[in-house]
Amino acid sequence: MRRIFGWLTVLALVLVSPGMAKSAADVDLLLVLAADGSGSIDPDEFALQREGYAQAISDPRVVQAIQSGYSGAIAVAMMEWGAPTSQHIIVNWTVIRDQASAEGFAAALLAAPRKAFGYNSISNAIAFSANMMRESGITAPRKVIDLSGDGPQIGGMALPVVREAAIDEDITINALAINNKDGMLRGPMGQPLDEHYRNDVIGGFGAFVIVADSRAHLREALLQKLIREIADAGPTGRSVARRD
């Protein structure tokens, strides 16, 4: 009897050991980069956005933030969105855990052709990104959609419904508002683009909007956004969004 109790004690210790707990999640974060490729994005802005994402994901500061997590790895994919019928996977799920894997993702991103067309369906982009997460087969304690855009929601599924559905799945939606059209592209009732994104797009625990006021600021804004998303160790969940 004493021997059986001893084996049960050992088994219990193994089951709660840090190594076993770590295997419960494959990575620290599931991250979809949802980039605006719609008709309002001209070729120069498109190239700048692609290059900005590639430089940001392979920046040593981003890699350091990734490696500081519990598992030291995140899973990233990039999709491009435009009209309600235009959502496209640009780079599929890739586990990034070091400089080499980050640079590999960046190279794949730069080599991929532009695919999106038409005008802004932010809601369909969110729904598509959430479905990518469901079908990834990868587990993580945090799930984030990193959406960038230079225009408002125009068509597609009802944005409030899609946003709430994503939040219900413990997905955080963050946004980068690209204000490069001298404020001409606005949200409902003429509200500035960043306010539209704060009020209608972002959601989930710790959700935030970053504004790029010019093309020159876009790369730095993308870098700040990625570092903040990766370094945020807070749990996801249905909480009041931080809108700053």
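Values computed for the structure shown
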| quantity | calculated |
| --- | --- |
| Cα-centre dipole for region 25-231 with unit charges at Cβ (Lys and Arg positive, Asp and Glu negative), debye to 20 | 80 |
| Derived scalar couplings ³J(HN,Hα) [region 126-131; Karplus, 6.51 cos²θ - 1.76 cosθ + 1.60; whole Hz; x for Gly, Pro] | 5, 4, 5, 5, 4, 5 |
| Cα gyration tensor category, rounded, prolate or oblate, for region 25-231 with a/c compared to 1.5 | prolate |
| Rounded if a/c under 1.5, otherwise prolate or oblate - region 79-184, Cα gyration tensor axes | oblate |
| HN-Hα J in Hz across region 149-161 - Karplus 6.51, -1.76, 1.60, θ = phi - 60°, x for Gly and Pro | x, 10, x, x, 5, 10, x, x, 5, 5, 4, x, 5 |
| Residues with amide H under 5 Å from that of Thr172, placed H, sequence gap 5 or more | Lys143, Val144, Ile145 |
| HN-Hα J in Hz across region 196-212 - Karplus 6.51, -1.76, 1.60, θ = phi - 60°, x for Gly and Pro | 4, 5, 5, 7, 10, 10, 6, x, x, 5, x, 5, 8, 10, 10, 10, 9 |
| Scattering curve values for region 66-105, log₁₀ I(q)/I(0), Debye with Cα scatterers, q = 0.19 Å⁻¹ | -0.60 |
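Where a number appears in this text, it was derived from the coordinates with a stated rule and is not lab data. Remember, predicted model here, so these are calculated numbers, not experimental data. Here Cβ is always computed from backbone atoms with ideal geometry, including for glycine, and neighbour counts include all displayed protein chains.
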